Amino acid sequence: MAYGQIQARLRPHAAALIPGGIGVALMLVWAVHDAGFDEDTWYWGALVLLALLTAIVIARGVAAIRITRAGRVALVAFALYVAWSYLSITWAQSPGDALTGSNRALLYLLLFATMLVLPWTVRGALIALLTFALGVGVVAVVLLFRLAAAAHVADLIIGGRLAAPTGYFNSTAALFTIQALVAIALAARRELPGPLRGALIALACAALQLAVVVQSRGWLFTLPLVAIVAIVVIPDRLRVAAAAVLPIAGALLPIHRLLAVYQASSGPALNHAASRAGHAALLICAAEFFLATLLAWGDSLLPPHRPSAARRRLFGSLAVAVALAGFVAGGLALSHGHPVRFAKREWHGFSHTQTGPSGSHFTDVGTQRYDFWRVALDAFVAHPIGGLGQDNFDDYYVPRRRTYTEPSYTHSIELRLLTHTGLVGFVLFVTFMVAAIAAAMPARRALGLEAFVAGAALLPLVDWLIHGSIDWFWEFPALSGPALGFLAVAGALGAARVASRSPAAGGVEEPAGVEEPAGLDAPAPAGPGGAPGRSPARVLGAAAGIIALIAAVVVLGFPYLSVREVSIATDLRNSDPAKALHDLRVAADLNPLNADPGRVGGAIALQIGEYATARQRFEQTIAREPGGWYAWLGAGLAASAAGDRALARHDFEVASRINPKNTVISEALARVDSANPLSPADALQMLALSD
């Protein structure tokens, strides 16, 4: 196809595709940069989205933006949730963490709003989904090539399990599962060229193979429910189920080689196992590409046939039944024919936080989630209305823990809402979620490609909600971005569907009760002589928008600059510690709530022997986060190195009350009055051990 023809075909979709493509590009950038978890990665993305949303609203005009009533409810509920999150700063024990968490929530609101207000067409949304599926799929293939070449395998695999590209096992499994769901669904469409359908199947196979290498038990146990709900959400279930056969089979064929990576664990054995797994996986993906392309070509030769509604329901039920049967068979195989005994052993390991070695992480027992959730529920009971404050779980958990881990998050989206923002935040976010899904339903209930694309746009949300109920996925923009961004795309398609059916648009008039589209604002009333006037509501709305824009720039811009200064100082701490301390002072001024500049600065000052400066920086951190044990330990180490044992003892005692299970604090407290008190070298070594 000539370039001019491609350009002509894309022109009707450009109004949404160009700005929407920036949103999809951010999702892919986050995917390859530790899932966007680091603040210096997602902060600039939030600023890009803020500028993009502002440009869209100005360019299109508020009155031209069409959002259904359900979409407006979703947008308002999400905005209120973000506002409540910012309000939680006032009662949070660590206001800096609450600000960071609120800014992350604002990032997701900006992404959702940006994708919602765009005039998406069905094919434009299809292109956006294809871009995402192909992009993450390419990441999967690159990882398989690296495994096959045994190139820096130790950077990819930790403890025998794949951590790349997100840096966390379970989020990696979720990212590749989302890709596989979307790719398999799109590969079932006859409208796509055969080679593209073949590539989608091959990339989905690569993603599922890597998910197996991750060996996430949360992924394994939630996968049946994810698959069943995905089949319910997507139209043409039988075709999608048929398309799933090849990638699932392709992930199962090399299963022994994929699982052998965990058994090798490290060293030359790991390189050898990874190389064998990578070669086998790539060979199967290549075979699947050719086979799926041939099948797609044959499918295109068949006459189109649309079964009756009764037959579609039958096919859908059959697909669900087949999925259930397949997962029951898989469960029996995993439990070696004893599912009840297996379930009891897993529950015991879950509730007693024990660990048992085995040849596969899938069959290991032991997890800390039971304790995380126990403390999270206690926190909600103690603070039911507003919660602890956004992102303030860690300081509450550490003094009450029964494990030796120190999680920052609750490992559950539902408990996260209840623990961090209380009942108010929980109700607001649930209202947003229900309304956003309702906004997508007009497009989902349509016929043909429109319904299919709307259903496919909901698939990332399915995995994010189900798997995220037992893990901490909110904190990863590479997962939350596709879930909320494509949910907004489905809502925008719903608005277009409602608009096309309205009498004003020349469509068929709908019965009473059918939702009519509505702009964000009504047209301005006519002034004298019929000229449009400026109503007070319009002026107030514009003023509120300007104030909100300025506030967003401030709450995002200054913390981002602070984060950049901390990052630069961290890079300079060994080569130029004086410059690093200066940069950290600037960082602390840019964000007066952030405790990180003081923590890092105190450690650097100890390193170069400036004990007074070290204590000053740690005291700054204590003032900003009094419940953080690290700053109390650092302040005590600075006092001990300076010879003030009484002050050091006080600080160590406070640190010990906050974190009684920390062995470094216990040793510091035991030695402070001994004949062998902590020297500066001891202080630095102990601080490094506790960092």
Quick one: count up the residues across region 104-150 that are of a type in the set (Lys, Arg) and farther than 22 Å from Trp42 by Cα.
2
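Tally time: how many residues in region 584-605 are part of a helix (DSSP H, G or I) and touching a residue at least 60 places away in the same chain (Cβ under 8 Å)? Explain how you work it out, then say what you get.
In the first step, residues of region 584-605 are kept if they are part of a helix (DSSP H, G or I); the result is 584-590, 596-605.
Of the ones still in play, those that are also touching a residue at least 60 places away in the same chain (Cβ under 8 Å) are 596, 603.
Selection size over region 584-605: 2.
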Tally the residues that are modelled with pLDDT under 85 and assigned to a helix (DSSP H, G or I), restricting the search to region 652-682.
3
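Please pick out the residue among Leu259, Leu220, Leu282, Leu238 that is under 19 Å from Gly137 (Cβ atoms), part of a helix (DSSP H, G or I) and not polar (S, T, N, Q). Step through it out loud before you land on a result.
Values: Leu259 fails: under 19 Å from Gly137 (Cβ atoms); Leu220 fails: under 19 Å from Gly137 (Cβ atoms); Leu238 fails: under 19 Å from Gly137 (Cβ atoms).
None of the others qualify; the one that does is Leu282.
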Residue check: is Leu143 under 24 Å from the mean Cα position of the chain (by Cα) and not assigned by TED's automatic domain parsing to the domain that holds Ala274?
no
Of the conditions (1) surrounded by fewer than 23 Cβ atoms within 10 Å (Cβ to Cβ); (2) part of a helix (DSSP H, G or I); (3) touching a residue at least 12 places away in the same chain (Cβ under 8 Å), Ala46 fails just one. Which one is it?
(1)
Reported set for region 533-583 where residues are more than 29 Å from the chain's Cα centre (by Cα), crowded, with 19+ Cβ neighbours inside 10 Å and either aliphatic (A, V, I, L, M) or outside any helix (DSSP H, G or I) (or both) is Arg573, Ala580, Leu581
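Before we move on, is Ala569 of a type in the set (Gly, Ala, Ser), modelled with pLDDT of 95 or more and under 21 Å from Asp391 (Cβ atoms)? Please lay out each step first, then the result.
Values: of a type in the set (Gly, Ala, Ser): yes; modelled with pLDDT of 95 or more: yes; under 21 Å from Asp391 (Cβ atoms): no.
Judged against the criteria, Ala569 is not a match.
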Could you please let me know if Leu561 is within 24 Å of Ala612 (Cβ to Cβ) and free of Cβ contacts under 8 Å to residues at least 40 places away in the same chain?
no
Based on what the data block shows, is Trp30 at pLDDT 95 or above, of a type outside the set (A, V, I, L, M) and more than 28 Å from Ile568 (Cβ to Cβ)?
no
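Yes/no per residue for (1) polar (S, T, N, Q); (2) outside the structural domain of Ile284 (by TED's automatic domain parsing); (3) surrounded by fewer than 23 Cβ atoms within 10 Å (Cβ to Cβ):
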| site | (1), (2), (3) |
| --- | --- |
| Leu147 | no, no, no |
| Arg161 | no, no, yes |
| Thr166 | yes, no, no |
| Ser216 | yes, no, no |
| Ala244 | no, no, no |
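The values are calculated or read from the model by the stated rules, or taken from the named source; none is laboratory data. This structure is a prediction, so every number in the text was calculated from the model and none was measured. As a convention, Cβ positions derive from the backbone with ideal geometry for all residues, glycine included, and neighbour counts pool all protein chains shown.
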